[in-house]
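Reading through the structure tokens given below for one structure.
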Amino acid sequence: MRQGLKGKRHEHRHVHEDGTAHDHDHAHVNAHSHIHEEKGKATPWILFIIFVFGPCEPLIPLVMYPAAQGSWTHVVLVALAFGTATIGTMLAIVGLSTFGLLQLRLGFLERFSHALAGGIIVLSGLSIQVLGL
């Protein structure tokens, strides 16, 4: 944290599976990324899951067909229907979840709800860093 706040330059040593090692010199002014290809990453699978299960992928052909036909009215109608369904679903899920959580009595844990929320955010960030997502 201190080096990042000062912007002081420093090095990171990277050791590869074949035994080669080298340093990367940088300051925390810009984002640092390791420029070499890393093996065993889950990124292709994550992208696959996003594209297969993402809610926007069915929208692409539904919008492209009327656009190709030159019917901008249908494009707008499809976009409005999709937006309304998406926002309505999100509001319903959040509303039902909030109602359900309000019924749950956690006793002494209620005092620490903000700390628990912060801890969950930290665990999410750590899992992204550790799993390389």
* **Condition met for R105 (exposed (fewer than 11 other Cβ atoms within 10 Å of the Cβ), among the basic types (K, R) and part of a helix (DSSP H, G or I))** => no
* Structure fact -> The correct count of residues that are hydrophobic (A, V, I, L, M, F, W, C) and either loosely packed, with under 10 Cβ neighbours inside 10 Å or out of contact with any helix residue (DSSP H, G or I) (no Cβ under 9 Å at 6 or more places or on another chain) (or both) in segment 42-63 is 10
* At least 1 residues that are modelled with pLDDT of 65 or more, closer than 19 Å to G132 by Cα and not hydroxyl-bearing (S, T, Y) in each: list the helices (runs of 4 or more DSSP H) lying fully within segment 1-88 that qualify. => 43-53
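Residue-by-condition table, conditions (1) in contact (Cβ under 8 Å) with a residue 60 or more places away in the chain; (2) over 23 Å from the mean Cα position of the chain (by Cα); (3) exposed (fewer than 10 other Cβ atoms within 10 Å of the Cβ):
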position: P66; (1), (2), (3): no, yes, no
position: G70; (1), (2), (3): no, yes, yes
position: V75; (1), (2), (3): no, yes, no
position: A81; (1), (2), (3): no, yes, no
position: M90; (1), (2), (3): no, no, no
position: G95; (1), (2), (3): no, no, no
position: L116; (1), (2), (3): no, no, no
position: S127; (1), (2), (3): no, no, no
* Number of the condition not met by G119 [criteria: (1) in a helix (DSSP H, G or I); (2) modelled with pLDDT under 90] -> (2)
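The values are calculated or read from the model by the stated rules, or taken from the named source; none is laboratory data. Keep in mind that this is a model prediction, so the values were computed, not measured. Here the Cβ is made from the backbone with ideal geometry for all residues, glycine too, and neighbour counts use every protein chain on show.
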